[in-house]
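Heads up: the structure comes next, in structure tokens.
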Amino acid sequence: MVSWFVIGARERALRRLAVSMVTLAMGLGGAQALMAMTAVKAPPTPAKQPVKHIPIPATAQAFCQDMTQRLPNLPLPVCAKAQLTPLAAKSALGRPLFQRDVISPNAHLRVLVIGGIHGDELSSTSLVLHWIGAAVETPSNIHWRFVPLMNPDGMMLDKPTRTNSHGVDLNRNFPTPNWDREAPIYWNQRTQKDPRRYPGPKPLSEPEAKWLHDEMESWKPNLIVSVHAPYGVLDFDGPTVPPQRLGRLYLDQVGIFPGSLGNYGGVHKKVPVVTIELPSALRTPQEAEIRQMWLDLLRWTADRLGAG
Ligand SMILES: [Zn+2]
């Protein structure tokens, strides 16, 4: 899929080419001019570019095989043991999102754990898949819902992208108050129209963000944990005391952005959002570190949300 900004640049280049060819043709005579003019017909319509065929893994088994090849430190058994199931929700290109619920017998809190909202942060998906195994083995009073890869169209490319297949940064596409004004201004002025941070044409324009929004409405998680990379910090938005550290990651609240999940969930909807920024997008933390982060998350959840 060619994203909109690439189309824009391509269109402009073609127009420049057409103008220079016409100028050249006007300087030539008769048949030569006609030939040159014929060669610069209107540029092809850019809207319907053929989409490169990318296999769409529709089963958990195919998903795991694909993920094992792509992701750092993800042995096939770790993914297989996660026992993912496809959701009805699909990405913009029609890939299913996969989920796993781990429900403790006395669960009274609901925690949603999301990885891969940015497709080029491979380690985030790997971490969430490892944590599914940890949740199965660790008693808690939590109903866990894990979605290890929210942006499959961005990740399942030869060169993964932060954005989804429409060129939208899903983590800027949530309906924070005044999105219509603030998100485009932020993108234009603060990011200088960085294509990696394009918030989309309107809030929830993207099916992946829409799914998460609807999930918050219907399932009503008490906590959302969203895993990213590569800034190596912990961020937090919401109404309770934030965790000071998870493993080697320390709290560093970096601010809020129009359309981000932390802003929408934590500030606007008052659902605590823990944002984990792993130190590398390409290297998954070591097993001991994965485990320590998990235990620290459990401890904080018990202390602050009463999930002990
Ligand atoms: Zn990210």
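Read-outs throughout are calculated quantities, based only on the coordinates presented, and are distinct from any laboratory measurement. What you see is a predicted model; the values in this text were computed from it and never measured. Neighbour counts run over all protein chains shown; Cβ positions are idealised from the backbone, glycine included.
State the answer as a single residue: which of Cys79, His108, Gly119 lies farthest towards the positive end of the charge dipole of region 64-147, with beta carbon charges of +1 for Lys and Arg and -1 for Asp and Glu, about the Cα centre.
Farthest towards the positive pole: His108.
What net charge do the residues around Asp303 carry, taking every other residue with its C-beta under 14 Å from that of Asp303, with Lys and Arg at +1 and Asp and Glu at -1?
+2
Starting from 0.36 nm per residue, how many nanometres of slack lie between Ala62 and Thr85 once their C-alpha separation is accounted for?
Here the answer is 7.1 nm.
How many nm is it between the label spots at Arg70 and Ala302, if each spot is 7 Å from the Cα in line with the beta carbon?
3.6 nm
State the extension gain, in nm to one decimal, for the chain segment bounded by Arg181 and Val241, taking 0.36 nm per residue of separation less the distance between their alpha-carbons.
The Arg181-Val241 span can extend by a further 18.5 nm.
Taking H placed 1.01 Å from N in the peptide plane, check which residues at least 5 places from Leu87 or on another chain put their amide H under 5 Å from its amide H.
For Leu87, the qualifying residues are Leu97, Phe98, Gln99.
Based on C-alpha coordinates, I'd like the Rg and Dmax of region 48-202, in Å.
Considering region 48-202 through its Cα atoms, Rg and Dmax are 17.0, 52 Å.
Could you put Thr163, Thr284 in order, starting from the residue whose Cβ has the fewest other Cβ atoms within 10 Å?
Thr284, Thr163
Tell me the Rg and the Dmax, in Å, that the Cα atoms of region 185-308 produce.
Both quantities, over Cα of region 185-308: 15.4, 46 Å.
Can you tell which of Ser140, Asn151, Pro203 lies farthest toward the positive end of the dipole of region 78-206, using +1 and -1 charges on the Cβ of basic and acidic side chains (Lys, Arg; Asp, Glu)?
The residue sitting farthest along the positive end of the dipole is Pro203.
Suppose every Lys and Arg Cβ carries +1 and every Asp and Glu Cβ carries -1, with no other charges. What dipole size does region 123-217 come out with about its Cα centre, to the nearest 20 debye?
Approximately 420 debye in magnitude.
Taking K and R as +1 and D and E as -1, what net charge do the other residues with C-beta under 13 Å from the C-beta of Leu76 add up to?
Here the charged neighbours net out to +1.
Can you figure out the FRET efficiency of Ser205 with Glu287, using R₀ = 45 Å and their beta-carbon distance, to the nearest 0.05?
According to the calculation, E is roughly 0.70.
Sum up the charges of everything whose Cβ sits under 13 Å from the Cβ of Gly232, counting Lys and Arg as +1 and Asp and Glu as -1, but leave Gly232 out.
So the surrounding residues net to -2.
Give the Rg (one decimal place) followed by the Dmax (whole number) of region 136-199, computed from C-alpha coordinates and expressed in Å.
Over region 136-199's Cα set, Rg and Dmax evaluate to 16.2, 48 Å.
For Tyr250, Tyr264, Tyr231, what's the fewest-to-most ordering of other Cβ within 10 Å of each Cβ?
By the 10 Å Cβ count, ascending: Tyr250, Tyr231, Tyr264.
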